[in-house]
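First comes the structure, then the notes that go with it.
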Amino acid sequence: MENVDVKDVFKQLYGADVKSVYKAPARINLIGEHIDYNGGLVFPATIGIYTKCYFSKRNDNEIHLCSLNKKKAVTRTLDDLEKKENSWENYPIGAVYTLARNGFKLDKGFNMLFTSEIPMGSGLSSSAAILDLTIYTLKSEYNFDIDNKLVSLLAWETENKYCGLSCGIMDQAIIALGKENQAMLLDCYKYKYDYYPFNLGDYRLLVMKTNKPRSLTDSKYNERVKECDIALDLIKEKYRHANNLCEYKMDEIDKIKSILNSDLLYRRVLHVISENQRVYDFKDALLKGDLVRVGKLLNESHFSLKDNYEVTGAHLDTITELARKQKGCLGARMTGAGFGGCAIAIVNKDNIEEFKKNVKEGYSKILKIECDIFECEIPNGVGKDE
Ligand code: ADP
Ligand code: MG
């Protein structure tokens, strides 16, 4: 949707002009899946599709919100920031609540209109985008002394404590701190990060959206978090202390297997520890320009998420299998929480059209729904829309 149209809608809705526009990109995770909440290393990058926030301040204490995606408008006040069950407004209202809880109180209300190209519930993190974006917008407009790292921490607090999803810091961090053409190697436990040029030469990063209707993701996500907590407690008690599962290494896996005495918990831990190692290997391969190895690591990550962590499902398995069979594809894996959502693939630029055609045809034949495939740029994180 063109900017000018949205500004007209804003004026019609609120009887006021837009003062400023901000935007936040989506993200993918290259590798390091389901280990952010286990203190592991993850390797996300922003992708060039955006949620935008059109903003103006009010003279009263009312909060007027509207999402063009949800086609829903909501009015609240600064004194009424309670959570509402199953409502999208929990994201922006939760952000206001968290800001106030941390001493950043708004003196006046505001109007906000959201539009988004980021599909919701597809694993590209529309949730962290809208949270980072709301906090960034408010800190800019109310002159709060909040840097981008703090933006991500406040967004994370909101998603965990207010919205109720026990997630790690990865999504909020990359969307707040992402840099053009760079991937971010992020230690979620210490919240330390470095940037690495994401240079694929003749190859391109493709996002493949399964369009699987969403089911069970949140409950299964929380179930995996719990399984990892149980495993960590057992290993700490019977083997050696660590602050999180990613502090254990692959050469300890046999010992850990005997302690856990549970095939299910063992497979969960095997995924976590091996995935953390794959992140280091991926970084080394990327720095060396060894793209064949990069692709292989993507595949290995997917197989571990499928067989050991059990978070893939038919849609993600089919789309990545089809991708791997195509000419010029170095590797493919699911990205995000799983159970549907999106996968990524690295494909030679000369084979992209053929790749898209074959994967789309094969996918709809097997699963009776269409998938979307698009090429991605890596832009800067949250900021003002110029
Ligand atoms: P993901 O982060 O993978 O896209 P989530 O379930 O974590 O999926 O977040 C999706 C939810 O975030 C939506 O159901 C909605 O409540 C909220 N949300 C995200 N973007 C928007 C938007 N542009 N407008 C309204 N709500 C949004
Ligand atoms: Mg999310």
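Every read-out reported here was derived from the displayed coordinates using simple, explicitly stated rules and does not represent laboratory data. No experiment lies behind these values; they were computed from the predicted model shown. Quick reminder, even Gly has a Cβ in these numbers, built from the backbone with ideal geometry, and neighbours come from all protein chains shown.
With contributions of -39500 (n - 2.57) from each DSSP H run of at least four residues, the per-residue ellipticity at 222 nm computed over the chain stands at -13500 deg cm²/dmol.
Of K209/K249; K190/K255; K236/K296; K52/K365, which sit over 31 Å apart, Cα to Cα?
Exceeds cut-off: K209/K249; K236/K296; K52/K365.
Couplings for the stretch 316-323, taken from phi via the Karplus curve 6.51 cos²θ - 1.76 cosθ + 1.60 with θ = phi - 60°, read 5, 5, 5, 5, 6, 5, 4, 4 Hz in order; Gly and Pro are left as x. Along the stretch 334-340 the Karplus relation, 6.51 cos²θ - 1.76 cosθ + 1.60 evaluated at θ = phi - 60°, assigns HN-Hα couplings of 5, 9, x, 6, x, 6, x Hz to successive residues, with x for each Gly and Pro.
When the C-alpha to C-alpha distance is required to be over 19 Å, the pairs from K72/K220; K161/K226; K72/K161; K220/K356; K57/K384 that qualify are K72/K220; K72/K161; K220/K356. Using θ = phi - 60° and the Karplus form 6.51 cos²θ - 1.76 cosθ + 1.60, what ³J(HN,Hα) does each residue of the stretch 135-151 get, whole Hz, x for Gly and Pro? Computed from phi, the couplings for the stretch 135-151 are 5, 4, 4, 5, 5, 6, 7, 9, 6, 7, 7, 9, 8, 5, 5, 5, 3 Hz. In terms of its C-alpha gyration tensor, the stretch 274-386 comes out rounded, because the ratio a/c of the largest to the smallest axis stays below 1.5. Hey, how many Å between the Cα centroid of the stretch 333-386 and the Cα centroid of the stretch 204-282? Between the Cα centre of the stretch 333-386 and that of the stretch 204-282, the gap is 26 Å.
Residues whose amide H comes within less than 5 Å of that of G341, counting only those at least five positions distant or on another chain, are T210, N211, K212 (H built at 1.01 Å from N in the peptide plane). Apply the a/c threshold of 1.5 to the C-alpha gyration tensor of the stretch 203-375 and tell me whether it is rounded, prolate or oblate. It comes out oblate by the Cα gyration axes. For the chain, the orientation-averaged shadow of the C-alpha convex hull comes to 19.3 nm² (one quarter of the hull surface). Under the rule a/c < 1.5 gives rounded, and otherwise a/b versus b/c splits prolate from oblate, where does the stretch 164-223 land using the Cα gyration tensor? In terms of gyration-tensor shape, oblate. Using Cβ point charges alone (K and R +1, D and E -1), the dipole size of the stretch 203-375 about the Cα centre works out to roughly 340 debye.
Taken as Cα centroids, the stretch 146-168 and the stretch 283-313 sit 28 Å apart, rounded to the nearest whole angstrom.
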